[in-house]
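Asks: I am attaching a structure below and will ask some questions about it afterwards.
The values are calculated or read from the model by the stated rules, or taken from the named source; none is laboratory data. Everything numeric here is computed off the predicted structure, so don't read it as measured data. So basically every Cβ, Gly included, is an ideal-geometry build from the backbone, and we count neighbours across all protein chains shown.
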Amino acid sequence: MKRFIVFAVALVLVASIAFAAGKTYQFTGKVLEVKDNVIVVDKNGEKFEMAKDANTKVKGDLKVGAKVTVKYESRAAEIEVKAK
């Protein structure tokens, strides 16, 4: 019975992640800093730091001071199921 409950919880978590994987979010602000692997954007006085890599699509000239809209996906990076 205990194994079944752990399996059911894990299945729900995996299904939730799969469902959320296609969901995108966005925010707009002014670029404060650009590095090879990160962009820092000021959104109404709050700094947002987003990772970027070779797969990140950049449309236009990304530089400090530019107004940008950043689209991103929310996903789980790691899940650890603990035994009770």
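Asks: Taking the range 53-79, which residues are of a type in the set (A, V, I, L, M) and under 17 Å from LEU32 (Cα atoms)?
Replies: Passing the criteria: VAL58, LEU62, VAL64, ALA66, VAL68, VAL70.
Asks: Return the pair list, or none, for Cβ contacts closer than 8 Å from residues in the range 26-45 that are loosely packed, with under 12 Cβ neighbours inside 10 Å to residues that are part of a strand (DSSP E or B) and basic (Lys, Arg), at least 6 apart or on different chains.
Replies: If the second residue must be part of a strand (DSSP E or B) and basic (Lys, Arg), the pairs left are GLN26/LYS71; THR28/LYS43; THR28/LYS67.
Asks: Test of understanding: among ALA18, ALA66, which residue is modelled with pLDDT under 95 and aliphatic (A, V, I, L, M)?
Replies: ALA18
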